[in-house]
1. Among C:80-87, A:202-209, C:230-237, how do they line up from the highest to the lowest mean number of other beta-carbon atoms within 10 Å?
2. Taking a quarter of the surface of the convex hull around the Cα atoms of chain C, what do you get in nm²?
3. What pairs from B:K146/C:K52; A:K126/A:K315; C:K119/C:K577; C:K144/C:K547; C:K164/C:K492 go past 23 Å between their alpha carbons?
4. May I ask you to derive the FRET efficiency for A:L320 and C:E862 from their Cβ-Cβ distance with R0 = 60 Å, giving the value to the nearest 0.05?
5. Run the numbers on the stretch C:836-853: which residues show a drop of 50 Å² or more in accessible area, chain on its own versus all protein chains together, using a 1.4 Å probe over heavy atoms?
6. Report which residues of the stretch A:265-302 become buried by 20 Å² or more of accessible surface when going from the isolated chain to the complete set of protein chains (1.4 Å probe; DNA, RNA and ligands ignored).
7. Okay, helix-only estimate at 222 nm for chain B: each DSSP H run of n ≥ 4 adds -39500 (n - 2.57), divide by all residues, round to 500 deg cm²/dmol; what do you get?
8. Express the relative contact order of chain C as a whole percentage, based on alpha carbon pairs under 8 Å and six or more residues apart in sequence.
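The values are calculated or read from the model by the stated rules, or taken from the named source; none is laboratory data. As the structure is a computational prediction, the values presented were derived from the model and not from experiment. Note that each Cβ is placed from the backbone with ideal geometry, even for glycine, and that neighbours are counted across all protein chains shown. Calculation scope for accessible area: heavy atoms of the full protein, side chains included, ligands and nucleic acids excluded. Shrake-Rupley method; radii C 1.70, N 1.55, O 1.52, S 1.80 Å.
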Amino acid sequence: MSKSTPWQALWRLPLLVLALVASLGLAQVALAQADPDREAATAVPALDADAWRQIKSGETGPNYRDSRFDSDYNLINASGETWRQLRERWVSPFGVIAVVGMIVVIALFYLVVGRKKLDEPRTGRKLLRWSLVVRSLHWTVASLFILLALTGLNLAYGKAVFRPIFGDGFWAAMMSGTKLIHNYLGPLFGILLVILLLRLLAHNIPRKHDLDWFAKGGGLVGKEHPDAGFANAGEKVWYWLLATAGIAVIVSGLVLDFPNYGQARDTMQWANIIHAVGAFGLTAVALGHIYIGTLGTEGSFEGMATGYVDETWAKEHHNLWYEEVKDQAIPEEQLTAGRAHPQGDEPAPRSG
Amino acid sequence: MATMKFMCDAERCIECNGCVTACKNANEVEWGVQRRRVVTLNDGEPSEVSISVACMHCDDAPCIAVCPTETLFQRDDGIVLHDKDLCIGCGYCLYACPFGAPQFPKQNAFGERGKMDKCTFCAGGPAETKEEEYQKYGANRIAEGKLPLCAEMCSTKALLAGDAQEVADIFRQRVVQRGHKDGGWSGNPRADADSLAYDATQQG
Amino acid sequence: MRLTPRSDTPRAGGLGISRRQFLKRSGATTGGLAAAGFMGAPMMQRTEADEKTAWSDAPVETRRTVCSHCSVGCGVYAEVQEGVWTRQEPAFDHPINRGAHCAKGASLRQHGHSSRRLKYPMKLVGGEWQRLSWEDAIEEIGSKVLELTEANGPDSIYWLGSAKFSNEQAYLMRKFAALAGTNNTDHQARICHSTTVAGVANTWGYGAMTNSLNDIQNSKSIMFIGSNPTEAHPVAMQHILLAKERSQAHIIVVDPRFTRTAAKADSYVRIRPGSDVAFIWGLLWHIFENGWEDQEYIDQRVYAMDEVRDEVAQFPPDVVENITGVSEEAMLDTARRLAENRPGCVVWCMGGTQHTTGNNNTRAYCILELALGNIGKSGGGANIFRGHDNVQGATDLGLMSHSLPGYYGLAEGAWKHWARVWDLDYEWLKGRFDQAEYADGQPMNSSGITVSRWIDGVLEQEEDISQRTRLKAMFYWGHAVNSQTRGPEMQKAMQQLEMMVIVDPYPTVAGVMHDRQDGVYLLPAATQFETYGSVTATNRSIQWRDKVIEPLFESKPDHEIMYLLARKLGFGDELVKNFEMNGDEPLVEDITREFNAGMWTVGYTGQSPERLKAHQQNWHTFSFRDLRAEGGPADGDYYGLPWPCWGTAEMGHPGTPILYDTSKKVSEGGLTFRARFGIERDGENILADGSFSEGSELEDGYPEFTDAMLKDLGWWDDLTEEEKAEAEGKNWKTDLSGGIQRVAIAHECAPFGNAKARCNVWTFPDPIPKHREPLYTSRRDLVADYPTWDDVASHYRLPTLYKTIQEKDVTGDYPIILTSGRLVEYEGGGEETRSMSWLAELQQEMFVEINPALANDLAIAEGDMVWVEGAEGGRVRVKALVTPRVAREVVFMPFHFGGMFQGESLHDRYPEGSAPYVLGEAANTATTYGYDSVTQMQETKCTLCRIEKAS
């Protein structure tokens, strides 16, 4: 045993593991000056290298017992510190960078490039793009997404922002409300997103011309609009992001949300990391999606709002789709008159 | 300022679970939640060893770092407490804690875990009245000048609690004694068998 | 990831109860049930929902009590507010435990809050429990007892008492049975340490722990054989580990199981169950071979060691290895550790005693210690750890079928002695008994049926029982029937009884396993925290307990119930003749004073209530190292006045901390071996030879003191005139004035004489202990050389089988050895501890330990449900726990569980709301026949079984 107090050194975080079994660890050093054989026999009879390995591996061996009934915890939660470091050092900063960064990028883009207006004047003839079902789904999913994103961000960063502002009483209620919303609406979001994704799957099969779309940067490079079907390549990317990262976020969210299935602590740590990274990423991308769908592009928002888009918009942004459905265009007046008809529920003509 | 710590002398721990029920006795924690647990490695093998574990009141506590609601906080004397009014039952402290200390009364769907509970070093927690404190957190023995009941009642004085420096001294002396015929205790006031000074539970 | 949802509360072991029920139950786990007692039954529902003891600002009253779970005798500060036990504080100043507790002691406060108690008198009518008033209950039960006594004689009723009684209650219960006219009374010592008491007392005088837990700190070697203190006596480990740490004592654990104690030992030796004598002889073989015995000690203080040498010569290393499974190196190593590290002690418990050969085992351990010269020395000794908190006291106070209080026996002289103490007419007392003569003699003078065998007392052919009829009614007064062997036969016996009466704080397994429709009564008894009195710890220290709380619900203290029943049975006035009465409750201190007046043999005479209370109030003055008070009101006394505390209280004897320790004066706690067996044997002197206690005026062996001896010595005139009048014609045991003891001690002589310890107990079936194979042995090849005894026609009034059982080879069907033992969380039959939520939570399922190799052979995995079927067909359905703790051919089950019977839950048979939190199969449903040849101790540690995976 060194002369210096062991506590200062031992209780540093990376050595927490050591601290618990310090009773054994300390003994070894201290007895080195005594009789080493005796020490080996009596001071730390049990903590041989294998036992240490077992503790640190996080596994519970066949002859491991815990006074807690039905517990599957090891002596030491070996991955807890890894999780904390990942979360605090990487994931949390990443979330801030991703979300704030995206806001900054969009703002700059808007200031520099500005709103993308239609090149040609509107024809006044409308094409049905989004059915009522899809619109309902979209807006429900979108609202839930925003709610989950806000509550999620609050869970991650709220303590730094709101507690000083609101004080403990309101803060406590706010946090428990936040958690309730997040945990109960999360699964609903998951289900609806999956339905929406299935519904839109056919539009989002990647095509050859999508490569060209990328090459032209979605029209930013050069004057021409690149070819695009019902969904352009950018939308497809968003779709597939949701279909991959989104599903990952949902699944990891379910793992976290239903601890009653007895999933191990380690499983939940990984689920939490996946969930956070995925959700922050999607939130950032969603900001882009929202920008393009509203401020960024003239004529896009009305499509999701009313279901119909102007012929000009369709021609410019989704030329291939327009070619397929141009004969189905309806004059705007007829559309407003025919609101009574259940026409809106008809599925949009498909491109293939 | 003293820094309060637990230490379990594995050479003495006999897995009698006295600390577990002493904690229940002091704090009346509900069925299913054990603020202190005893783990046994290599049970039934020659290398069998048992250690009593609870919240270790870490200096740089991971639970405090990861808690989204700042439920957890550390007192000046090192004791890590939790404010049940703030806890939302997210479980993050449990993921981070190296010792499996935070527990939840429930494990239900939609993350319904109830309020986190963990060892308070028998120092209660934030509350308006003593009654509320007892109902929410259990005993506040520290306020009465006593140490955690688990350590005070340990059957073999394996579990030590108190100021870290004192605990370390006691343990160091035990270790020396185990190696020497008369070592460690000679000329030391703690050498008197009748004195419980070698027992941390008498200090604090 | 597991795909089945798990409930938020742990499942309860094998109960098949719904989660709602469970939550309801666990809701009642902790809280303010004390209040419920005052509010009465209708309030139960509401109070059961309370989660925590209500917080109170009321003034705190601190009571000093003693844990009721084991015989270590840990002190407790109970803090009470407004009659509710709200806090428990560690008693750092208590000389035995220094504030320490195991799981049971640390949860002691829950005794004041358990909602699973039996709440009021009940009777079974048509299979349903009905509530009864105390008056009706006593009236109905009493009338039935009178009717049965009239028809079948007093021996048809069995009064089964308890080691959970205080000394006063145990004593009163024995007196009660005597006045009821029967010796059919007993308690758990019979199935716990009866073979110890018989074997050890017959070796050197008293059958109790010779030293103390504290004194173990001075040991240089400690051998545990059939003892597992880390689970059974955890606080004793505090002293043991101090010995290990301070003086580098060698700890040796000899056990079929690698126990938790073994995990703390320097050396672990695995023996085959039932081979203890061969093991000890194997050690002695090496000791004699190397000349390690203490020859001077043997010459002075031991009789017949040469005969032991002859027997030991039959056990060379190869023979020992064949019988015990221990190699020659391990035997030599163990012998060397014991020989080179003296003084050393041997500790044994149920692993040594609960065998058909238990009396041989206990004597073999004693002989080993005698050969090493360890008895009567600080750090040495035969440290017998007793089980229940007051099993030592209840034994001393004679709650046994073969003796009156103080081991006076049942001969006419003993009855006359106690009749004088009780101030009752001997002839009247005699008239209470059945006057007929049976195989064992007259019932008044013949040992009654033992607790281990009441089953046979009910089921045996009437003409083969040495009393008028079979047993017709049983009183289970604080007894866990699941701690007894032969479960299925027990159930049959229960069905044949005309009446069962259970007097207990809990309904107990007896209340639910009988499968009867009526004729069962439950009477709620108070716990030891709801009354007060004295309790004897394993080291013979007598401690006083305060009353912590008022009796919960409608329960009454046992001594009050005894009086109520006695009054109904017509001997109430005689029972309480010498006691001040407080309503129906005899004054506890008066009971203490009454046994003080008669217990001369074991020195329970100096421990007056006043002295005991003074000790209780001054825990802090007693030394943790040797129990002696330094200063204070009890200056110089040893804590609890460990018996023998000679003479009257006025004499001020300090108690005897170490038995037979000749280095002290008798007046200061020194002692010699007792001259109990005469003065010569076959012409050889068996009094001590040149050994005597410090300061003794008789510097050689001497017989026990009588009036004649005082006159011969010229010490008669040291008596006062009053003493002379009383002592005339008496001896040290029967002189009620205490004068003979006083004068003997004034001359620093032991009142009971000074003799040699004897290795040859010529009154026993095996005068020199012999190895004999268990009745159900897996080693058929050893039966020819080491057979058991022939059957006995009548022993303790019953035919007892040995050869008949052993001759039948059942190893084909039942190849696995079954043994049993304790868990730290539970105690005894477990009914009380399984009703404490803080404890029950820790052990929720009954299990069987199986070696990994055997589990592989049987295709059983950890967590599988298996059937363990005993060699007599009793089956238990339990969970498999695969562990290297047990050897390949041995399986182990803890015996604390109950409330399941051969796969069926008895949960619904409990009166509503009184089932323990945890139910499980009783290990003893699967255990088998087998009784010790001296004491009728049951065999639980070695039988045979088979194991099958349950579907």
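1. Numbers: C:80-87: 19.5, A:202-209: 14.6, C:230-237: 28.1.
Averaged packing, sorted descending, gives the order C:230-237, C:80-87, A:202-209.
2. Numbers: hull surface 146.2 nm².
Dividing the Cα hull surface by four gives the mean projection, 36.5 nm².
3. Values: B:K146/C:K52 21 Å; A:K126/A:K315 11 Å; C:K119/C:K577 31 Å; C:K144/C:K547 33 Å; C:K164/C:K492 27 Å.
In this structure, C:K119/C:K577; C:K144/C:K547; C:K164/C:K492 exceed 23 Å between Cα atoms.
4. Working: r = 64 Å, r/R0 = 1.06.
The value I calculate is 0.40.
5. When all protein chains are present, C:W838, C:E841, C:L842 each give up 50 Å² or more of accessible surface.
6. A:R265, A:M268, A:N272
7. On the way: 6 runs with 49 residues, N = 204.
About -6500 deg cm²/dmol.
8. Numbers: 2376 pairs, mean separation 159.1, N = 951.
This gives 17 percent for chain C.
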